[in-house]
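Okay, so here's the structure we're looking at.
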Amino acid sequence: MTRWGISALCGAVLLGLGIDYAHVAMTAEQGWRWCLEAPAERQGAHVLFPLWTVTRVVDADHYEVSKVISGVPVAGDCSRVHVGDTVSVVALFDWNDGQPVARVVSLQLHPLRPWKEALGVIGFIVLGAVLPWCFVTRSEGGGRVLAERETWGG
Amino acid sequence: MADLITHSCVALLWKVASTPGRPPSANRWRLPNGVATFVLGTCLPDLLGRVPAMALTTLRWQVPAIPEWTVYLWSPFHVPVGILVMSVLAAQAFPTRERRRTAIQLAGGGLLHLAVDVLQTHLGIGYLLLFPFSMWDFELGWIGSEATVLVVPFLLPLTMFACWARWWRRRLSGAAGYQAPPAK
């Protein structure tokens, strides 16, 4: 198989995997969306919000968290949370007569998250600066290919 | 996921520890063959599987019209099957005679990335190591998801020292008149 044939096949496989993953994630029988599909039946179901961002503090006992779904209302003590914080929440789904809310069972704060994100950004910048230097392009078969720089390999 | 600095340091340490000695080079910064490709491979699962998803997630808060499935589309770059396919795909950008070696280096780096990530613990969910064949999720849960922040101040100097020590050893062996073993 040619280089372009292998590339097309790999691209198609990756696209298929992505579509499958999206289907599985969006039809999973758990989570906030699943609870909202049949709220009366799922009253009291456990819902997890791992590494979600606090996007709004409504009052002393209510705030909102967002990730793929934005603005999920959470009922719990707000004394330790602020807008922009990353939190992991275990909650119980409460239909609350048409005003659904996640009632906090346990809350985990992630105070080091901004530092971790900063390390990620620094790593991204360093890699962006160093890795292009590590590779060169050269001609092969009428086209250009990448090669690891000789001074780096050996 | 751990941060890119942690992943890069672990990949460099792995290469320094696992690559047998080579004849010293005239270039004093010469490192074991495939290091850059291996480090690139260890970073690609986050660069392709996480960064676009995180950017789209945040963007959707401002632009809700962006479909939700676009966030999930990138996730296979962070599972073993996706890493293997991605490695074969990326290797096609390299010369014909180097593609097999490049794919192995990229895949090795990617799988090392996952090995570091599964050390962590997350609330209720692990890594889908067998996707798409199974939705079984796994993580060892030995360290917290932000523990690498505390590890980097030690890991970075250790990595720099290990690379320097390797260079120094090769320089010494060069000064002692290293002779390559006879070809079989």
Filtered residues of segment B:91-109 (kept if open to solvent by less than 40 Å² (accessible area, probe 1.4 Å), out of contact with any Ser or Thr (no Cβ under 6 Å at 6 or more places or on another chain) and either more than 18 Å from residue B:19 (Cβ to Cβ) or within 12 Å of another protein chain (Cβ to nearest Cβ) (or both)): B:93, B:95, B:98, B:99
Residues (open to solvent by 80 Å² or more (accessible area, probe 1.4 Å) and either closer than 12 Å to residue B:43 by Cβ or part of a strand (DSSP E or B) (or both)) located in segment A:122-136: A:124
Search result, residues across segment B:120-161 that are under 24 Å from residue B:15 (Cβ atoms) and part of a loop (DSSP other than H, G, I, E, B): B:129, B:140, B:142, B:147
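The rows are residues; the columns are (1) at pLDDT 95 or above; (2) open to solvent by 40 Å² or more (accessible area, probe 1.4 Å).
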| position | (1), (2) |
| --- | --- |
| B:2 | no, no |
| B:27 | no, yes |
| B:78 | yes, no |
| B:114 | yes, no |
Can you tell me which residues in segment B:126-140 are among the small types (Gly, Ala, Ser) and surrounded by 13 or more Cβ atoms within 10 Å (Cβ to Cβ)? B:126
From the residues in segment A:1-42 that are open to solvent by 80 Å² or more (accessible area, probe 1.4 Å) and in a helix (DSSP H, G or I), which one is nearest to residue A:141 (Cα to Cα)? A:4
Out of the residues in segment A:95-121 that are surrounded by fewer than 17 Cβ atoms within 10 Å (Cβ to Cβ) and of a type in the set (D, E, K, R), which is farthest from the other protein chains (Cβ to nearest Cβ)? A:97
Those residues of segment A:60-71 which are more than 12 Å from every other protein chain (Cβ to nearest Cβ) and either touching a residue at least 24 places away in the same chain (Cβ under 8 Å) or in a loop (DSSP other than H, G, I, E, B) (or both), in sequence order: A:60, A:61, A:62
Mind checking whether some residue in segment A:43-53 is open to solvent by 30 Å² or more (accessible area, probe 1.4 Å), more than 8 Å from chain B (Cβ to nearest Cβ), under 26 Å from residue B:72 (Cα atoms) and within 19 Å of the chain's Cα centre (by Cα)? yes
Count of segment B:85-107 residues which are without any contact (Cβ under 8 Å) to a residue 24 or more places away in the chain and among the hydrophobic types (A, V, I, L, M, F, W, C): 8
Which members of segment A:76-94 meet the condition of being open to solvent by less than 10 Å² (accessible area, probe 1.4 Å), part of a strand (DSSP E or B) and of a type outside the set (Phe, Trp, Tyr)? A:87, A:88, A:89, A:91
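The values are calculated or read from the model by the stated rules, or taken from the named source; none is laboratory data. If you're wondering where the values come from, they're calculated on a predicted model, not measured in any experiment. Cβ sites come from the backbone with ideal geometry, for glycine too, and all protein chains shown count toward neighbours. For the accessible areas, the whole protein counts, side chains as well, though only heavy atoms, and no ligand, DNA or RNA atoms are used. Shrake-Rupley method; radii C 1.70, N 1.55, O 1.52, S 1.80 Å.
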